[in-house]
Amino acid sequence: MISILIVDDNSLKVADIKRVLFEYPEIKNKIDVVADTNNARRLLEENKYDLLILDLVLPNDFGDTETPENGIDFLNEIKLDPNKKCPFHILGISGKPEYISQYSKDFSKNLWFLIEYQKDIETWKELLRNKIEYLIDSKKEIQVDALKEYDFDIAIITALDKELKKVLSLDWKFKAHPMANDQTGFYIGQFEKGNKTIRIVAACTPQMGMCAASTLSMKLIHHFRPRYIIMSGIAAGIKGEVNLGDIMIAEEIWDASSGKIKGDKEKGNLFLPDPKHKTLNEDIKELLLDIKRNRKYIDKIRENYPSTPPATALNIHIGPMASVPAVIQSNQEIDRIKAQSRKLIGVEMESYGVFYSAAHAQKPKPLAISIKSACDFANEEKEDSVQDYAAYTSASFMYDLVTNELPL
């Protein structure tokens, strides 16, 4: 966290200084040491240090004569040479008391300090500790302040490659964005809105399910700090509530498998649900209700599908959706989940994980939105012929929502 350069040709003094520095885990393994000004010049051209600890009486090269003028010339050069990356703080520590008063003004004129080193005296150690603690606290505050602001505008998460392909085909100029130490395939896109560039990141989970979606959501939030995180893709609709291809937006979402399994001598095992609901932001909900009320975008989306869409008109539904741990192909199981919410519009496997991560992430927290389109009814007649159309309507509606409607 804190990087330090020590310029000193006295190895015993350097060892004493390092013993104090090593009291702080934030700076272990982040200390460079050189014994002459020319090596220090080279390092300052390559690195930006938080603190320079500078001896006063130094040689310019190994074997040269040590003089205080060498140290002062180097000190003045740091500030004037544009090729040198001036450290944030500079502290002079000299074991030559006869030079302290003579050269203190060369440090103090830039609000730097020159202190006296005495091996068996604690005073210089306490002054050094005060400086280190100030640096650590300041760095923490800077990092916290940086994390208070959103970075990206939109993060998009999908659970299937076919869903991600529909997202990447949108007119947002996506490009692969590899990241060190993370094998996730991130894609960065953007578009212009007024005088602002809207930045978007998209990624797909390696497998279906709430755990995978929650993990990827946390990665997106940590790496990119988005204002919104949107789940796009396909889901099972409730027959009689939605038609195939219809766009379903989760007004509330819960884990339908959350609860207790209780043994009963007469009825066998009973499942007692205990759902923990996450809800859509009220302002976003009102915005979506207005879009639905005025049938914005949806007729155009259906007309622009490059193949033959289902015969039914495309509609938007805003209501309760449940996340489940497995693909469902059972009317009986759907009826069990409907008992938890009579107005249920759809069932899927990931969105609760996205909403949960958004709600419990570090600040600034993104707003979560789930936009999934019905590709089947999770019954015994379940089949995959509408999956492409459903992935298309979900991605297309998300495109219109982001491009034209969401406050950014």
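A few comments on the model shown:
- For the pair residue 343 and residue 133, a Förster radius of 56 Å applied to the C-beta separation gives a FRET efficiency near 0.45, rounded to the nearest 0.05.
- Neighbour-limited loop hits for trypsin sites (Lys or Arg not before Pro), region 300-366 (at most 13 other Cβ within 10 Å; DSSP other than H, G, I, E, B): 342, 343
- Cα gyration tensor category, rounded, prolate or oblate, for region 212-318 with a/c compared to 1.5: oblate
- Across the chain, the relative contact order, built from alpha-carbon pairs under 8 Å that are at least six residues apart, equals 16 percent.
- Positive-pole candidate from 68, 176, 95, dipole of region 58-186, charges at beta carbon: 176
- Cα gyration tensor category, rounded, prolate or oblate, for region 1-131 with a/c compared to 1.5: rounded
- Cα-based convex hull, region 54-138, per residue volume (Å³, whole number): 116
- Here is the list for region 150-200: trypsin sites (Lys or Arg not before Pro) lying in DSSP coil, each with at most 16 other C-beta atoms within 10 angstrom of its C-beta, are 173.
- More than 28 angstrom apart: percent of Cα pairs within the chain: 59
- A full extension of the chain between residue 83 and residue 403 corresponds to an added length of 110.8 nm, given 0.36 nm per residue minus the alpha carbon distance.
- Rounded to the nearest 20 debye, dipole of the chain from Cβ charges on Lys, Arg, Asp, Glu: 1280
- Test item: Cα-centred dipole of region 160-286, Lys/Arg +1 and Asp/Glu -1 on Cβ, debye: 440
- Cα pair distances exceeding 24 angstrom across region 280-408, given as percent: 36
- Residue pairs exceeding 21 angstrom between C-alpha atoms, taken from 119/140; 267/382; 173/365; 173/193; 85/109: 119/140; 267/382; 173/365.
- Ellipticity at 222 nm from helices only: DSSP H runs of n ≥ 4 in the chain, each -39500 (n - 2.57), divided by the residue count, give -11000 deg cm²/dmol.
- Region 170-259: C-alpha gyration tensor shape, a/c 1.5 cut-off, then a/b vs b/c: oblate
- Relative to the longest principal axis of the Cα atoms of the chain, the long axis of helix 210-224 lies at roughly 40 degrees.
- Set of lysines with alpha-carbon distance to residue 260 below 21 Å, sequence-local pairs under 8 removed: 276, 278, 338
Bear in mind that the values in this text are calculations on the coordinates, not laboratory data. Just so it is clear, the model here is predicted, and its values are computed rather than measured. Note: ideal-geometry Cβ built from the backbone for every residue, glycine included; neighbour counts use all protein chains shown.
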